[in-house]
Amino acid sequence: MDERTFDRTDQHASVIGLGTWQLGADWGDVDDKQAHAVLEAAAESGVTFFDTADVYGDGRSEQTIATFLRGRPDLRVTVATKMGRRAEQLPQNYVLENFRAWNDRSRRNLGVDVIDLVQLHCPPTPVYSSDEVYDALDTLVAEERVAAYGVSVETCEEALAAIARPHVASVQIILNPFRTKPLREVVPAARAAGVGIIARVPLASGLLSGKYTRDTVFAADDHRTYNRHGEAFDQGETFSGVDFATGVEAAAEFAALAPEGYTPAQLALRWIIQQPGVTTVIPGARSAEQARSNAAAARLPELSPETLAAVGDLYDRRVRDQVEGRW
Ligand SMILES: NC(=O)c1ccc[n+]([C@@H]2O[C@H](COP(=O)([O-])OP(=O)(O)OC[C@H]3O[C@@H](n4cnc5c(N)ncnc54)[C@H](OP(=O)(O)O)[C@@H]3O)[C@@H](O)[C@H]2O)c1
């Protein structure tokens, strides 16, 4: 699988990585055996970038990755985690003392002395403009607790604030065929500054696989049941902020655009990695089969300009009004 580097660090990432929120919680039941099989399938398919967070299953995702990698010393995987969401979401909690404590816990969970990449996990908006916050993050690097840091953001404005900072290595943002706004300003700005882009929620929480109908029911402990309207966290994280009924209809149209030999999910992933400036895309997977199929998208032929244009047109007609002004 092709690898790309984050220009501001020497970290590398396979162009298709793996999101591991599913291995923690919030997606219905994924048992330890299944979680291990997902990691194994991804690694065997050439994936060398895992995205996790201290809050996914309150550490379960980080610990599962640590157990897996301990058993596979032959692998060379960059592990990016996130911090901040276990605390009350107040700007005054984003201080060096807390960063050190959060970092200590993640280092224990991951079983490492130095974390490859730590990301602020969608903190309150003022945090992205605070000099003290970036000074504290620089201190974590100077103390050799983390090799590099980045941010995960909800909005394009938050991304642009972070890209302006000299030592931010990466910005993680929702980018998919139902969320194309970052392509207009954020991705070009990141590219010009040498900031890596980690594209998350690439399948719009599974919508872009085209497999759901209006009647699909998700488990009670799946955010696709309990966060459809942003009840627990930002609405954009669930189906990319698109209302489910609209999303199902638009996904059916999207699926029809898949060239022969592509699944709709692979079309979405291929569309993302073809955007100049994207470093890696991190689809979540609940099974080994999904992880394998997602990684395989990296080996598919390039999409034609006609297909790229048709995806853009679908966004404009069906989805733009719901998401463009909000994130
Ligand atoms: N604030 C943040 O920083 C933040 C927020 C959200 C996500 N993330 C990161 O981004 C990663 C990706 O986002 P996400 O997991 O929320 O959404 P996603 O990748 O868009 O969707 C994942 C879901 O898509 C379905 N799927 C995956 N592969 C498939 C395939 N090959 N064929 C058919 N269906 C497939 C599965 O749904 P089923 O379960 O229905 O099978 C899976 O649970 C996360 O795992 C996490 O690491 C970060």
Open item on the list: Cβ-Cβ distance below 6 Å, separation of 6 or more or different chains: which pairs start in the stretch 168-181 with a residue that is touching a residue at least 60 places away in the same chain (Cβ under 8 Å) and within 11 Å of the ligand (Cβ to nearest atom) and end on one that is open to solvent by 10 Å² or more (accessible area, probe 1.4 Å) and in a loop (DSSP other than H, G, I, E, B)?
Closed with: ILE174/VAL201
Task: Failed condition for VAL151, given (1) assigned to a helix (DSSP H, G or I); (2) over 24 Å from ARG286 (Cβ atoms) - done: (1)
Task: Subset of the stretch 280-321 that is open to solvent by less than 20 Å² (accessible area, probe 1.4 Å) and more than 14 Å from the ligand (Cβ to nearest atom) - its residue that is nearest to VAL242 (Cα to Cα) - done: VAL319
TODO: Determine if the stretch 234-244 includes at least one residue that is farther than 18 Å from ASP26 by Cα, of a type outside the set (Lys, Arg) and over 20 Å from the mean Cα position of the chain (by Cα).
DONE: yes
Open item on the list: Condition check: in contact (Cβ under 8 Å) with a residue 60 or more places away in the chain, of a type in the set (D, E, K, R) and away from the ligand (no atom under 11 Å from the Cβ). Does GLU231 satisfy that?
Closed with: no
- [ ] Could you check how many residues of the stretch 125-146 are assigned to a loop (DSSP other than H, G, I, E, B) and either of a type in the set (Asp, Glu) or open to solvent by 50 Å² or more (accessible area, probe 1.4 Å) (or both)?
- [x] 2
Task: Among (1) away from the ligand (no atom under 13 Å from the Cβ); (2) under 15 Å from the mean Cα position of the chain (by Cα), the one test that ALA53 misses - done: (1)
TODO: Just name the residue that is nearest to the ligand (Cβ to nearest atom) out of those in the stretch 249-265 that are open to solvent by 20 Å² or more (accessible area, probe 1.4 Å) and part of a helix (DSSP H, G or I).
DONE: PRO264
- [ ] Quick one: in the stretch 154-178, of everything that is assigned to a strand (DSSP E or B) and closer than 17 Å to CYS122 by Cα, which residue is farthest from the chain's Cα centre (by Cα)?
- [x] VAL168
Open item on the list: Test of understanding: among GLN34, GLN63, which residue is of a type in the set (S, T, N, Q), within 12 Å of the ligand (Cβ to nearest atom) and more than 30 Å from GLY277 (Cβ to Cβ)?
Closed with: GLN34
Open item on the list: So, in the stretch 225-248, exactly how many residues are of a type outside the set (Ser, Thr, Tyr), open to solvent by 10 Å² or more (accessible area, probe 1.4 Å) and outside any loop (DSSP other than H, G, I, E, B)?
Closed with: 5
TODO: Scan (1) part of a helix (DSSP H, G or I); (2) touching a residue at least 60 places away in the same chain (Cβ under 8 Å) for the single condition ALA199 breaks and write down its number.
DONE: (1)
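The values are calculated or read from the model by the stated rules, or taken from the named source; none is laboratory data. Source: prediction; values computed, not measured. All Cβ positions, glycine included, derive from the backbone under ideal geometry; neighbour counts span all protein chains shown. SASA here: full protein model, heavy atoms, side chains in, ligands and nucleic acids out. Shrake-Rupley method; radii C 1.70, N 1.55, O 1.52, S 1.80 Å.
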